[in-house]
Amino acid sequence: MMAPARPTLGRVKILLTGAAGFIGGHVAEVLADAGHEVTGLDLLTGDDVRDAAGLDRLLPGVEAVVHQAAKVGLGLNISDMPDYVSVNAYGTAVLLAAMARHDVGRLVLASSMVVYGEGGYDCPEHGRVRPGARTTADLDRGVFDPRCPRCERPVAPATIGEDAPPDPRNAYATTKLAQENLAANWARETGGTAVALRYHNVYGPRMPRDTPYSGVAAIFRSALESGRAPRVFEDGGQRRDFVHVRDVARANVAALTGGAPATVKAYNVASGEPHTVGEMAAALAAERGGPQAVVTGEYRLGDVRHIVACPDRATAELGFRAVIGFAEGMKEFAGAPLR
Ligand SMILES: NC(=O)c1ccc[n+]([C@@H]2O[C@H](COP(=O)([O-])OP(=O)(O)OC[C@H]3O[C@@H](n4cnc5c(N)ncnc54)[C@H](O)[C@@H]3O)[C@@H](O)[C@H]2O)c1
Ligand SMILES: [Zn+2]
């Protein structure tokens with residue numbers, strides 16, 4: 001499919017939140033390469049998105065905000081809930097209110113595939129279905145694949161499009177969806193344009209090292225680096241879309257011209273090439289010469305089984321398509337610096 005010609009974009013003055021983060025750092029580079037004037041904001045460098053006075057200093061003259069700052073990851077447990085709401089939901093609300101004060105009419109929001117919850121599935125009898133949360137009884141006896149919510153039969157994973165109903169399964173996911181909804185409220189009230197980029201599993205150079213908040217690719221990479229085997233949860237058959245961080249950064253540049261006034265529109269940002277978590281662990285282990293991944297059968301209640309994206313809307317409407325494939329990207333990532 002040919003991507004449509006994009007409207008050309010002059011030099012835009014942009015406030016980039018989360019600029020010191022993993023993805024934000026790459027977005028800053030790609031925005032600068034595209035000729036835009038970028039001001040960064042990050043808690044690591046002393047600026048908080050929840051600080052209205054600070055935003056009032058930074059926003060005059062800004063034409064677009066690219067909002068990457070967030071508390072990320074699945075977290076430890078319910079005690080993290082207030083922090084997710086504070087940084088992600090309240091922080092976005094403070095930012096949007098400040099954008100309204102300064103007539104900033106364009107927002108690109110880092111959203112996430114986590115808003116979908118469990119992916120789409122096809123039942124042989126009932127067609128496209130969205131299973132509910134898996135039971136601990138099933139998970140404890142190693143039954144990891146969800147079943148048809150209507151007939152309980154096994155279902156096959158299918159790609160998910162942006163119009164699938166959201167079903168956030170943990171506090172992080174709930175606040176990423178809240179960010180999209182707040183952006184929609186802001187857009188309607190102010191006539192602004194918001195584009196929500198639903199990143200899938202982002203990986204690449206400068207990914208943060210192993211913490212309870214890290215992505216699975218960084219956890220495996222950190223293990224391998226210290227000579228430990230990557231520990232793969234469930235049976236390793238969980239399907240994900242691993243998308244390279246430089247592609248994600250390019251999607252942000254493409255998003256500066258997308259969307260329509262007074263709306264928020266969501267786009268999957270994905271490679272279109274799904275792989276299992278087990279395959280990802282094996283690829284990294286092979287590239288580094290071991291140790292080989294271990295499949296543990298452990299599980300986390302907040303995890304979903306398969307989530308695989310349809311990337312076509314971003315191609316058709318933003319002219320964005322990921323160009324770094326799984327084999328090439330993982331080969332680089334196996335030896336890339338972590339943060
Ligand atoms: N990494 C992924 O796979 C992935 C997937 C989907 C969505 N996302 C989204 O992408 C964005 C960037 O994530 P990342 O992976 O680069 O994480 P990251 O933790 O590396 O970057 C987030 C940055 O936000 C900053 N930050 C946190 N709270 C802040 C605050 N109150 N004020 C200002 N800055 C604050 C942090 O200091 C950090 O530098 C997030 O919005 C995240 O939800 C990431
Ligand atoms: Zn069925």
Next item on the list: Please determine, by comparing only the residues of the stretch 304-335 that are of a type in the set (V, I, T) and not in a helix (DSSP H, G or I), which one is surrounded by the fewest Cβ atoms within 10 Å (Cβ to Cβ).
Entry: V323
Margin query: I'm trying to understand the selection: among the residues of the stretch 117-165, which are more than 16 Å from ligand 1 (Cβ to nearest atom), in contact (Cβ under 8 Å) with a residue 40 or more places away in the chain, under 24 Å from N201 (Cβ atoms) and β-branched (V, I, T)?
Written below: T159
Item checked: Options H67, H126: the member that is in contact with a Leu (Cβ under 6 Å, 6 or more places away or on another chain) and not aliphatic (A, V, I, L, M) -> H67
Check: Which of the residues belonging to the stretch 242-278 are among the small types (G, A, S), surrounded by 20 or more Cβ atoms within 10 Å (Cβ to Cβ) and farther than 17 Å from A322 by Cα?
Finding: G259
Margin query: Just to check your reading of the model, which residue among L139, L96 is of a type in the set (A, V, I, L, M, F, W, C), over 15 Å from the mean Cα position of the chain (by Cα), farther than 30 Å from A28 by Cβ and assigned to a helix (DSSP H, G or I)?
Written below: L139
Next item on the list: Being basic (K, R) and in contact with a strand residue (DSSP E or B) (Cβ under 7 Å, 6 or more places away or on another chain) is the filter; apply it to the stretch 173-225 and report the residue that is nearest to A327 (Cα to Cα).
Entry: R198
Margin query: Being in a helix (DSSP H, G or I) and under 29 Å from G272 (Cα atoms) is the filter here; which residues of the stretch 99-136 pass it?
Written below: M113, V114, V115, Y116
Next item on the list: Name every residue in the stretch 279-303 that is among the hydroxyl-bearing types (S, T, Y) and crowded, with 19+ Cβ neighbours inside 10 Å, in order of residue number.
Entry: Y299
Checklist line | Tally of residues being assigned to a loop (DSSP other than H, G, I, E, B), closer than 29 Å to V87 by Cβ and out of contact with any Cys (no Cβ under 9 Å at 6 or more places or on another chain) across the stretch 142-177 | finding: 8
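Matching residues to (1) within 16 Å of ligand 2 (Cβ to nearest atom); (2) at pLDDT 95 or above; (3) in contact with a helix residue (DSSP H, G or I) (Cβ under 7 Å, 6 or more places away or on another chain):
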{"site": "P82", "(1), (2), (3)": "no, yes, no"}
{"site": "N88", "(1), (2), (3)": "no, yes, yes"}
{"site": "L95", "(1), (2), (3)": "no, yes, yes"}
{"site": "A100", "(1), (2), (3)": "no, yes, yes"}
{"site": "E118", "(1), (2), (3)": "yes, no, no"}
{"site": "Y121", "(1), (2), (3)": "yes, yes, no"}
Next item on the list: Kindly list the number of the only condition in (1) over 30 Å from A19 (Cα atoms); (2) more than 16 Å from ligand 2 (Cβ to nearest atom); (3) modelled with pLDDT under 95; (4) not charged (D, E, K, R) that fails for G142.
Entry: (3)
Item checked: Which numbered condition I23 fails, given (1) more than 16 Å from the chain's Cα centre (by Cα); (2) surrounded by 16 or more Cβ atoms within 10 Å (Cβ to Cβ); (3) within 6 Å of ligand 1 (Cβ to nearest atom) -> (1)
Item checked: the stretch 26-55 residues that are part of a strand (DSSP E or B), paired with ones that are modelled with pLDDT under 95 (beta carbon under 8 Å, 6 or more apart) -> E37/R11
Next item on the list: Out of the residues in the stretch 195-210 that are charged (D, E, K, R) and modelled with pLDDT of 95 or more, state the one that is surrounded by the fewest Cβ atoms within 10 Å (Cβ to Cβ).
Entry: R206
Note to self: more than 16 Å from ligand 2 (Cβ to nearest atom) and either of a type in the set (D, E) or within 11 Å of R305 (Cβ to Cβ) (or both): is that true of A137 in this structure?
What the structure shows: no
Notebook entry, point to check: Do we have any residue at all in the stretch 147-158 that's away from ligand 2 (no atom under 16 Å from the Cβ) and either of a type in the set (G, A, S) or in contact with a strand residue (DSSP E or B) (Cβ under 9 Å, 6 or more places away or on another chain) (or both)?
Noted result: no
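The values are calculated or read from the model by the stated rules, or taken from the named source; none is laboratory data. Note that the structure is predicted; figures quoted are calculated from it, not measured. Ideal geometry is used to build each Cβ from the backbone, glycine not excepted, and the neighbour counts take in all protein chains shown.
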